[in-house]
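For reference, the structure discussed in these notes is given below.
The values are calculated or read from the model by the stated rules, or taken from the named source; none is laboratory data. Given the structure is predicted, the values throughout are model-derived calculations rather than measurements. A quick note on method: Cβ atoms are made from the backbone with ideal geometry, for glycine too, and the neighbour counts reach across all protein chains shown. In case anyone asks, the SASA skips ligands and DNA or RNA and just uses the protein heavy atoms, side chains included. Shrake-Rupley method; radii C 1.70, N 1.55, O 1.52, S 1.80 Å.
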Amino acid sequence: MKLDLPQVIGHRGAALAAPENTLESFREAHRQGARWVEFDVGLTADDQILVMHDDTLDRTTNGKGPAHAQTLAALKQLDAGFWFGKQFTGIKLPTLAETVALLAELDMMCNVEIKGSSRNAETTKAVMTELRRTWPADKPKPLVSSFEIECLRGAQAEAPEFPRGYLIGGRPLDWLAQARSIAAATINIDNDHATQPWMAELKQPGYGVLVWTVNAPERAARLIEWGADGVFTDAPGAVLARLAKGV
């Protein structure tokens, strides 16, 4: 499944300039020139789909404890912006549906990362059902990624028309077999292990290669030069400005 991949994807929006995984962060990525953003999703206690990275509320909200043990109504009472700066006080945690609506308004694409949990099957089914329901029919399908092969297999079974990205850390020996098993469109690798030979090995079977998380513009340019299709970055504007000068 061939994707029109961008060279720059805003990681959790524009996470160096706005509170990560919030609608304001996605708007900021758009203001900085990003055409795509990446964000994380998981289930709430009442089976709603929350956009949030951490398992716990402590780092990015004024709540405490496990995020996904709360109902959506309780989570919507939390402040998800104050920790980043006073100007963001009162920002709320978004749902997947709210995020898709904003991206449609901004004409943006995305990479939806399904977070692994004890509820992988339920989470994947809910996410793919919601994407099918809310994603605009006239737009290309977004990339759905996960570190969990179980989630990617579930996504393939539930909604095969959505391309899948296989997230990996390091250099697992079975990466090619796993990627083939879920008909991956992309392999999403970590910046720490991204070398020119590893890039060539990943590209040889025809996969798109995306690298996370790359905040140094010169490093991003080098990765693109080596053959990466794109990078995830907390600073999309700075990376785009560097790439505009050529690699």
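Across the chain, Cα pairs under 8 Å and at least six residues apart give a relative contact order of 20 percent. Direction-averaged shadow area of the convex hull around the Cα atoms of the stretch 21-122, nm²? With every direction weighted equally, the projected area is 6.3 nm². For the stretch 130-191, the C-alpha radius of gyration sits at 1.16 times the compact-globule guess of 2.2 N^0.38 Å, with N the residue count. A 1.4 Å probe run over the chain, with the rest of the protein chains in place, finds 43 Å² accessible per residue. Annotation: Cα Rg of the stretch 94-176 relative to the compact-globule expectation 2.2 N^0.38 Å equals 1.11.
The share of accessible area on the stretch 150-213 that comes from carbon and sulfur is 51 percent, using a 1.4 angstrom probe. Note on the stretch 1-132: with neighbouring protein chains present and a 1.4 Å probe, carbon and sulfur make up 51 percent of its accessible heavy-atom surface.
Scoring 207-213, 126-132, 11-17 by mean Cβ neighbours within 10 Å over their residues and listing the highest first yields 11-17, 207-213, 126-132.
Dividing the alpha-carbon radius of gyration of the chain by the rule-of-thumb value 2.2 N^0.38 Å gives 0.96. Using the average count of surrounding beta-carbon atoms within 10 Å as a protection proxy, the listed peptides 145-151, 156-162, 191-197 rank, highest first, as 145-151, 156-162, 191-197. Projecting the Cα positions of Val239, Ala67, Tyr166 onto the charge dipole of the chain (unit charges on Cβ atoms of Lys, Arg, Asp and Glu, taken about the Cα centre) puts Val239 furthest along the positive direction. Take each peptide in 68-75, 171-178, count the other Cβ atoms within 10 Å of every residue, and average; sorted highest first, the result is 68-75, 171-178.
Here the stretch 49-196 is treated as an ellipsoid with the same Cα gyration tensor; its semi-axes, largest first and in whole Å, are 28, 19, 16.
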